[in-house]
Amino acid sequence: MTPSDPRPRVLVAGGGVAALEVVLALHERTAGTLRTTLLSSADRFRHRPISSYAGLAGDDGRTVDLARFVAEQGAGLVCDRLTAVDAAESAVLTEHGGRIPYDALVLATGASPREGLPGAITLGAPHDEAALAALTARVRAGTVGRLAVVVPAGVAWSLPAYELALLMRHAAPAGATAVEVVTAEVRPMAVAGDEFSDAVSALLARRGVRVTTSTWPDAVDEGRLWLPLQGAVEVDAVVALARSVGPSLPGLPCDAHGFVLVDARGLVRGERRVWAAGDVASHVVKQGGFAVQQADAVAEDVARHLGLEHLSAVAPHPPVLRAALLDGEDTLYLRAEHVDGTIRTAVSGTPLWWPPTKIAGGRLSAWLAAFQARDGGAAAGSELLGAGGA
Ligand SMILES: Cc1cc2nc3c(=O)[nH]c(=O)nc-3n(C[C@H](O)[C@H](O)[C@H](O)COP(=O)(O)OP(=O)(O)OC[C@H]3O[C@@H](n4cnc5c(N)ncnc54)[C@H](O)[C@@H]3O)c2cc1C
């Protein structure tokens, strides 16, 4: 890239699934006609649905070098943290004092995990990874009699709670650990519809995981889980899903939790050159498969905005929900989509999409599978694709 390069500048901020999918989709749609730069605070991509489970879902050591990834896509990489957006001047500011101009900006910096329940270990929070690993070792050793996994109110994508409960139950010696999910939902995975919920509930029942619904615990204190109506329940350990918050970027519209407000195509409200995709955006369901589909819609809109694609302005398709639920032995594949006014659900013990990745859809899962075949061989499969991976 040279200063006199006339090609439009697209800046993609983030280094997770949404950011990588945007880079892949732009490259495929507009190869060579854009100057795409990835601005990421981390220099490696980490697959959170596997790496967050402290080894219960496979080895979490393998990551993707972002410098190699962008080089393959003809893009550039800046390892720095976006701190502010100067939308009036079409530039972002970075932690190390940089100022990067853009013709189109895509925000894909994810959400920040906050404590899900006072006193509990928070799943998916970097500061609690060591505590979860220590708990996992105790469960494997058979010294945890009663484990509760909590879904706090306001968390729409609760599948990781049920997955952790199943993985912990499987990891424990037979009969050693009673595992219960305490959820604010009226039923497990209520957001995905009744059939999806029934399939998850049936699996939990088969594996001996109890579920208490419509319950909002207050806190964990000295071996007690405090519930509003029941009072104190004796527990040995409690893990809670994180409450997510957005970045509250000054100068951009955001909701009460700091997530960037977007329209159906991911264009930030009131802006003409700024889009957001993935967990950073104001969509209620924070899920990787959704993030990938949002990223594809954003890449299409960016290309159209820059005059590189002449597509009719049809409304984006409603997203398809794909979930691969690991239980330590098998993988349950679930897919739900809204068709003709109803939710159509498919449930199967064999893959319903290919490659059968945890974060499914778009181009990234195929890219990761190819990367694994080239660079990691079979050994890398469990980390990048999940236990059900090819
Ligand atoms: C335990 C667990 C299990 C899950 N299981 C599944 C599953 O099975 N299927 C599924 O689809 N989803 C799953 N999810 C959800 C999924 O991981 C997220 O929805 C997805 O990672 C969101 O992608 P993202 O790119 O928006 O954000 P992230 O994955 O959070 O990536 C954000 C990236 O941006 C970078 N970044 C952050 N701030 C800045 C900044 N200011 N400047 C530059 N870079 C920045 C970060 O380093 C990070 O690389 C799971 C989540 C958890 C915690």
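The values are calculated or read from the model by the stated rules, or taken from the named source; none is laboratory data. Not measured: the values here are computed from a predicted model. All Cβ positions, glycine included, derive from the backbone under ideal geometry; neighbour counts span all protein chains shown.
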Residues of region 42-76 satisfying the condition of being surrounded by fewer than 19 Cβ atoms within 10 Å (Cβ to Cβ), touching a residue at least 40 places away in the same chain (Cβ under 8 Å) and within 12 Å of the ligand (Cβ to nearest atom): R48
Candidates R273, R304, R322, filtered to the one that is charged (D, E, K, R) and within 16 Å of the ligand (Cβ to nearest atom): R322
The one condition in (1) closer than 14 Å to G55 by Cα; (2) surrounded by fewer than 16 Cβ atoms within 10 Å (Cβ to Cβ) that L167 fails to fulfil: (2)
Pairs where the first residue, in region 217-238, is under 11 Å from R146 (Cβ atoms) and in contact (Cβ under 8 Å) with a residue 60 or more places away in the chain and the second is part of a loop (DSSP other than H, G, I, E, B) and of a type in the set (D, E, K, R), C-beta under 8 Å, 6+ apart: none
Those strands (runs of 3 or more DSSP E) lying entirely in region 227-283 with at least 1 residues within 26 Å of V302 (Cβ to Cβ) and over 20 Å from the mean Cα position of the chain (by Cα): 274-276
Sole residue being within 12 Å of the ligand (Cβ to nearest atom), outside the structural domain of T213 (by TED's automatic domain parsing), within 25 Å of A360 (Cβ to Cβ) and touching a residue at least 40 places away in the same chain (Cβ under 8 Å), chosen from L39, L107: L107
Number of positions in region 123-156 that are within 13 Å of the ligand (Cβ to nearest atom) and either closer than 21 Å to E185 by Cβ or aliphatic (A, V, I, L, M) (or both): 8
Subset of region 120-164 (residues that are in a loop (DSSP other than H, G, I, E, B) and crowded, with 17+ Cβ neighbours inside 10 Å): A120, G124, A125, V144, P152, V155, W157, S158
